[in-house]
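Below: the structure, in C-alpha cells.
The values are calculated or read from the model by the stated rules, or taken from the named source; none is laboratory data. Being a predicted model, the structure only gives us computed values, none of them experimental. Positions of Cβ are backbone-derived with ideal geometry, glycine not excepted, and every protein chain shown enters the neighbour counts. Accessible surface is based on the protein model in full, side chains and every heavy atom, while ligands, DNA and RNA are left aside. Shrake-Rupley method; radii C 1.70, N 1.55, O 1.52, S 1.80 Å.
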Amino acid sequence: MSGRILVPWKSVRDDLGDLGAGLTVEVFGGDEPGPDDLGDVVFFTVPYDQPHGLEPVKRLTGVKVVQALTAGYDNLLPLFADDVTLCNARGLHDAGTAEHALALILAAQRELPRWTRAQDQGRWEHTHTRSLADSRVMIVGYGSIGAALDQRLRACDAETIRVARSARPGEHVHAVAELDSLLPETDIVVLVTPLTEDTRGLLNTRRLALLPDDALVVNVGRGPVLDTEAIGAEAGKGRLRAALDVTDPEPLPEGHPLWTCPGVLVTPHVAGGAADFYPKAAAFTAAQVRAFAAGEPLRNVVR
C-alpha cells in the first residue's frame with residue numbers, strides 16, 4: 001500500500017514519524033484550501049471546525065478512509081462513495097459536550113444571563129430562581145455523551161430519564177417510542193441525538209405541547225432535531241424556555257427571532273470544542289493512522 005495521509009496538526013505528523021510501506025504523512029489544517037493534487041491521498045482526516053475542512057473532498061479520488069473529528073457524521077455520508085470507510089470521533093467529545101450541556105442547564109435554571117445583564121447595567125437585582133436539584137431531566141440520545149451528562153446531572157441531585165432509539169432495560173433506558181408518555185413528567189429535556197431521518201423534527205409542535213409549563217429544552221445534538229418555529233412559538237409566549245448550542249438554520253442569521261426571544265439562551269455550536277478535546281483528538285488520530293498502516297481494524301467505523 002502506498003499514498004498520502006492527511007492529518008490536521010503538525011504534532012500528529014511528528015508523532016507518527018516514518019510509517020514506511022510507501023505512506024507519507026502531510027498536514028492539512030483546513031484553515032485554507034487544500035492542494036490541487038490529492039488523487040493519491042488514501043487516508044483523510046477532516047480538520048475540526050475549520051472553514052475549508054471539506055474543501056478538498058472532490059479531489060480525493062483515491063481515498064480509502066475518512067476520519068471525522070466530530071461525533072456526528074450525517075453531513076459526510078453523501079460526500080463519499082459507499083466503499084469509503086468512514087470513522088467518527090465517538091468518545092472524544094463526551095466530557096466537553098456534557099460539560100457545556102450542564103453549563104447551559106445551570107445558566108438557564110439560575111438565570112445567569114439575567115444577572116450578567118444586570119451587572120452590565122450596574123443593577124443589584126435580588127430574587128430567587130429555579131434549581132437543577134430535584135428536577136427531572138430527560139436525556140434524549142443516550143450514548144457516550146448522554147452517559148457523561150447523566151453522571152454530572154446526578155452529582156447535582158437531579159433525577160435523569162434515559163432515552164435512546166431502542167430500549168435497554170438493563171441500563172434503565174427507554175425507547176424513543178415512549179417519548180409521548182415521558183414528556184409530561186419532564187422538567188428539562190436535553191437533546192444529544194445525531195441527525196437522521198428518524199430524529200429530524202423529533203421535538204415538534206405536538207411533542208413540545210406535551211411538556212409542562214416552564215420546562216426547559218436544551219439542544220447540544222443537531223439543530224434540526226428540534227423544530228425551530230415550534231420552540232420559538234412556545235418560548236415567545238413564555239410557556240417554555242430553551243438553551244441551544246445548535247440551531248436550525250446554523251449559523252443563526254442576524255435578526256433571527258431566537259436571538260431576542262425571551263427565555264432563550266444561544267451559544268454558537270461550541271459544546272464539543274473545549275480545550276480537553278485537542279490532545280485526545282491528536283492521540284486518537286495517530287492511533288487510527290497506525291492501525292490503517294498496519295492493516296489492523298479501525299475504531300469508530302460508522303460505514
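Listed by first and then second residue, the pairs with beta-carbon distance under 8 Å, at least 6 apart or on different chains, first residue in the range 111-123 and over 16 Å from residue 243 (Cβ atoms), second in a helix (DSSP H, G or I), form an empty list.
For the range 21-51, the candidate set comprises residues that are touching a residue at least 60 places away in the same chain (Cβ under 8 Å) and of a type outside the set (Val, Ile, Thr); within that set, the residue that is nearest to residue 81 (Cα to Cα) is 43. Exactly one residue out of 61, 97 is polar (S, T, N, Q) and surrounded by 16 or more Cβ atoms within 10 Å (Cβ to Cβ), and it is 97.
On the given criteria, is residue 145 of a type in the set (Val, Ile, Thr) and either open to solvent by less than 20 Å² (accessible area, probe 1.4 Å) or in a loop (DSSP other than H, G, I, E, B) (or both)? It is false that residue 145 is of a type in the set (Val, Ile, Thr) and either open to solvent by less than 20 Å² (accessible area, probe 1.4 Å) or in a loop (DSSP other than H, G, I, E, B) (or both). Among the conditions (1) out of contact with any Pro (no Cβ under 7 Å at 6 or more places or on another chain); (2) open to solvent by 30 Å² or more (accessible area, probe 1.4 Å), the only one that residue 184 does not satisfy is (1). Restricting attention to the range 9-24, the residues that are open to solvent by less than 30 Å² (accessible area, probe 1.4 Å) and touching a Phe, Trp or Tyr at 6+ places or on another chain (Cβ under 9 Å) total 1. Here residue 172 passes the criteria (1) free of Cβ contacts under 8 Å to residues at least 40 places away in the same chain; (2) in contact with a helix residue (DSSP H, G or I) (Cβ under 7 Å, 6 or more places away or on another chain); (3) at positive phi except the one numbered (2).
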